[in-house]
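Structure first, then comments.
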Amino acid sequence: MCKIRWKIEEFHREIKQLTGIESCQCPKARLQRNHITCAMLVWLKLKNLAYQTGQTIYKIKHSLVSNYLIGATKTSRC
């Protein structure tokens, strides 16, 4: 039972830290559900990439954001 609880806690921590699920300011319930669904899909994609590459989901997100920022910097200089 403790292993299951720990996995749930791990999921909550990861989805909050990596997807911004808590930052939704939508007043309508439908928009909130859409935001939560999108956040869960992002977490699932990160988790799958982590399993495929043998990296942590935090490392994957960092590299994605880093690559994006590098690309954005290069295009803004042109």
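Values quoted throughout were computed directly from the atomic coordinates according to the rules given, and no laboratory measurement underlies them. Note that this is a predicted model, so its numbers are computed, not measured. Cβ sites come from the backbone with ideal geometry, for glycine too, and all protein chains shown count toward neighbours.
DSSP loop trypsin sites (Lys or Arg not before Pro) in region 16-66 with at most 12 other Cβ atoms within 10 Å of their Cβ, which ones?
LYS28
Using a Gaussian network model of the chain with C-alpha springs under 10 Å, which one of ALA29, ALA39, ALA50 is most mobile by mean-square fluctuation?
Top of the fluctuation ranking is ALA29.
Would you mind calculating the gained length between GLN25 and GLN52 on full extension (0.36 nm times residue separation, minus the Cα-Cα distance), in nm to one decimal?
Taking GLN25 through GLN52 to full extension adds about 6.4 nm, to one decimal.
What is the Cα coordinate range of the chain on the first, second and third principal axes, sorted by size from largest, in whole angstrom?
So the three principal-axis extents are 55, 38, 16 Å.
Taking H as built 1.01 Å from N, whose amide H comes closer than 5 Å to the amide H of GLN55, not counting residues under 5 places away?
The answer is none.
First measure r as the distance between the Cβ atoms of TRP6 and GLN32, then evaluate 1/(1 + (r/R0)^6) with R0 = 30 Å and state the FRET efficiency to the nearest 0.05.
0.65
Taking a threshold of 22 Å on the Cα-Cα distance, which of the pairs LYS16/LYS45; LYS3/LYS61; LYS16/LYS59; LYS47/LYS74 fall above it?
Those over the limit are LYS3/LYS61; LYS47/LYS74.
Expressed in nm to one decimal, what extension gain is obtained for the pair ILE70 and VAL42 from 0.36 nm per residue of sequence separation less their Cα-Cα distance?
Going from the current span to full extension adds 8.0 nm.
As I understand it, the value is the acute angle between the Cα axis of helix 29-53 and the longest principal axis of the Cα atoms of the chain; what does it come to in degrees, rounded to 10?
Here the helix axis deviates by roughly 80 degrees.
With point charges of +1 on the Cβ of Lys and Arg and -1 on the Cβ of Asp and Glu, referenced to the Cα centre of region 1-64, which listed residue (THR19, ILE4, ALA29) lies farthest in the positive direction of the dipole?
Ranked along the dipole, the leading option is ALA29.
Quick one: putting +1 on the C-beta of Lys and Arg, -1 on the C-beta of Asp and Glu, what dipole do you get for the chain around its Cα centre, in Debye to the nearest 20?
Using Cβ point charges on Lys, Arg, Asp and Glu, the chain gives about 100 debye.
Tell me the angle of helix 2-19 to the major Cα principal axis of the chain, expressed in degrees between 0 and 90 and rounded to the nearest ten.
30 degrees
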